[in-house]
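K.L.:
Structure below; questions to follow.
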Amino acid sequence: MRGTLTVKKVYGNTNFQNVKINILPVKQYILVSGLFYPDDHNSYKLSGSFDSYVQGYIKKIVQSQKGNDFIIYDVNILAGTIIKTEYSPSSSPKKSILNFDIVINSDYKLFNNSYRLDNTSKKIISKNDIYKLIEEIGMNDPNTLQEVHVFSHAYWNGPILVNTDSGRGDCDMRKADITSGTINSANFKNAFTTNGYIKIWGCSFPVATNALFSKFRNNKQYSTTKIISDTVVFNFSPNTFFFYPKGESAVDLLPQINNILGTTYKASDSIKLTFLEIKKILIYNYLSVYAGVIAKNIGVKVISALPATYANIDPTFHIAPSTMANVTFYKKHLEVEINENYGVFDEATVQRLETIYNS
């Protein structure tokens, strides 16, 4: 994929010098399409995948890389194929296919009142196959992986590729994959170019976390236009920190505050929080999601929905306007870089926010 070629320059009968020409590495791309798995919203029927988004993005890469050598891996979990296409301006694209089992509706079983893929007998594409692909690039063609895109449903714990139960042949990406040693961190990191990244296109929307952030933003001390000093005190009257989901019992939001700050507030208390304490609560959430854990533990940049934001998919993936207030919170008051309204999780930002959190 890369190397150095030595060429002797000759002018007439005179040899002037040997010139070394660096052969640039061939950039590589991995695009993954997760499933529209069975749930309450589609009558427990497997209704396809996110492949159309992958195909649309492949067209963008092909257009942007026209005239270059590059490689695209199209990971289609539903169809059970990983298609490697090698592009070159001097020849037609060359394809090779790795086949797995396809996914069908009867693969889903009811576990704990939720339909999950029962992956104990079939060999479908899982997170481990995607991690392995990245690690092999890190071993065999280091510093060539430019982008990894995961088009799927997602939540704070990671992309939901097929919706498996964590104890039955787990296929979905989770934080524990990074922290438990499932991933070879060195090979994983070595795969990426200096400006390479992973983009997770799905949601990161714990409803109760969004409710908590709303309590902070609705306080009269909060501002989206001016810098707020860390010492500014936010006052909250008793029983402020209850959330009332439609048709459900009230949810007490105080455990989120107490668990992060080590406090013992009760619902009946009048509560005072400095803005520094509020920032620490946001930082904790930033550091704790799947993207934050990859950035911290492996050192690879991830672009992902910020905590308490979610993605709409029509006509293309984008952060929902209704959650943009949380994007502004992170951008304005924590100086998190924003990429098309998704958050950037990188090693430098993680280290900077950890310093604030530990202060």
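K.L.:
Looking at segment 44-63, I want the residues that are charged (D, E, K, R) and have a partner that is in a helix (DSSP H, G or I) with Cβ atoms under 8 Å, at least 6 apart or on another chain. Which pairs are those?
P.N.:
What qualifies is Lys45/Asn105.
K.L.:
Looking only at segment 301-337, how many residues end up being in contact with a strand residue (DSSP E or B) (Cβ under 6 Å, 6 or more places away or on another chain) and in a loop (DSSP other than H, G, I, E, B)?
P.N.:
Residues flagged as in contact with a strand residue (DSSP E or B) (Cβ under 6 Å, 6 or more places away or on another chain) and in a loop (DSSP other than H, G, I, E, B) within segment 301-337 amount to 7.
K.L.:
Let me ask you something else. Gln28 - would you say it is at pLDDT 85 or above and either exposed (fewer than 11 other Cβ atoms within 10 Å of the Cβ) or of a type outside the set (S, T, N, Q) (or both)?
P.N.:
It is false that Gln28 is at pLDDT 85 or above and either exposed (fewer than 11 other Cβ atoms within 10 Å of the Cβ) or of a type outside the set (S, T, N, Q) (or both).
K.L.:
Working only within segment 328-350, note down all residues that are under 16 Å from Asn312 (Cβ atoms) and surrounded by 21 or more Cβ atoms within 10 Å (Cβ to Cβ).
P.N.:
Tyr342
K.L.:
Taking only segment 202-239 into account, find how many residues are part of a loop (DSSP other than H, G, I, E, B) and under 20 Å from the mean Cα position of the chain (by Cα).
P.N.:
Residues that pass the stated criteria total 4.
K.L.:
What number of residues in segment 79-102 are touching a Leu at 6+ places or on another chain (Cβ under 9 Å) and within 18 Å of Val150 (Cα to Cα)?
P.N.:
Here the count works out to 4.
K.L.:
Also: Test each condition in (1) closer than 21 Å to Val32 by Cβ; (2) of a type in the set (Phe, Trp, Tyr); (3) touching a residue at least 40 places away in the same chain (Cβ under 8 Å) for Tyr115 and report the one that comes out false.
P.N.:
Among (1) closer than 21 Å to Val32 by Cβ; (2) of a type in the set (Phe, Trp, Tyr); (3) touching a residue at least 40 places away in the same chain (Cβ under 8 Å), the lone unmet condition for Tyr115 is (1).
K.L.:
If Lys199 passes every condition in (1) open to solvent by 20 Å² or more (accessible area, probe 1.4 Å); (2) in a strand (DSSP E or B); (3) closer than 20 Å to Ala320 by Cα but one, which one does it miss?
P.N.:
(1)
K.L.:
Residue by residue through segment 153-166, note down the ones that are out of contact with any Leu (no Cβ under 9 Å at 6 or more places or on another chain), open to solvent by 20 Å² or more (accessible area, probe 1.4 Å) and either assigned to a loop (DSSP other than H, G, I, E, B) or on the phi > 0 side of the Ramachandran plot (or both).
P.N.:
Answer for segment 153-166, where residues must be out of contact with any Leu (no Cβ under 9 Å at 6 or more places or on another chain), open to solvent by 20 Å² or more (accessible area, probe 1.4 Å) and either assigned to a loop (DSSP other than H, G, I, E, B) or on the phi > 0 side of the Ramachandran plot (or both): Trp156, Asn157, Ser166.
K.L.:
Are any residues in segment 73-91 out of contact with any helix residue (DSSP H, G or I) (no Cβ under 9 Å at 6 or more places or on another chain), within 22 Å of Gly56 (Cβ to Cβ) and in a strand (DSSP E or B), and if so, which ones?
P.N.:
Thr81, Ile83, Lys84, Glu86
K.L.:
Hey, another quick one. Need pairs with beta-carbon distance below 6 Å; first residue at pLDDT 95 or above and part of a strand (DSSP E or B) and within segment 341-356, second open to solvent by 30 Å² or more (accessible area, probe 1.4 Å) and not hydrophobic (A, V, I, L, M, F, W, C); sequence gap 6+ or separate chains.
P.N.:
Hits for this filter: Val344/Glu337.
K.L.:
Also: If I filter segment 112-145 down to residues being modelled with pLDDT under 95 and touching a helix residue (DSSP H, G or I) at 6+ places or on another chain (Cβ under 7 Å), which single residue comes out as nearest to Pro159 (Cα to Cα)?
P.N.:
Leu117
K.L.:
Across segment 42-64, which residue is nearest to Leu161 (Cα to Cα) among those that are more than 22 Å from the chain's Cα centre (by Cα) and surrounded by fewer than 17 Cβ atoms within 10 Å (Cβ to Cβ)?
P.N.:
Ser47
The values are calculated or read from the model by the stated rules, or taken from the named source; none is laboratory data. This is a predicted model, so every value here is computed, not measured. Cβ atoms come from the backbone with ideal geometry, glycine included; neighbour counts cover every protein chain shown. Note: areas computed on protein heavy atoms with side chains; ligands, DNA, RNA excluded. Shrake-Rupley method; radii C 1.70, N 1.55, O 1.52, S 1.80 Å.
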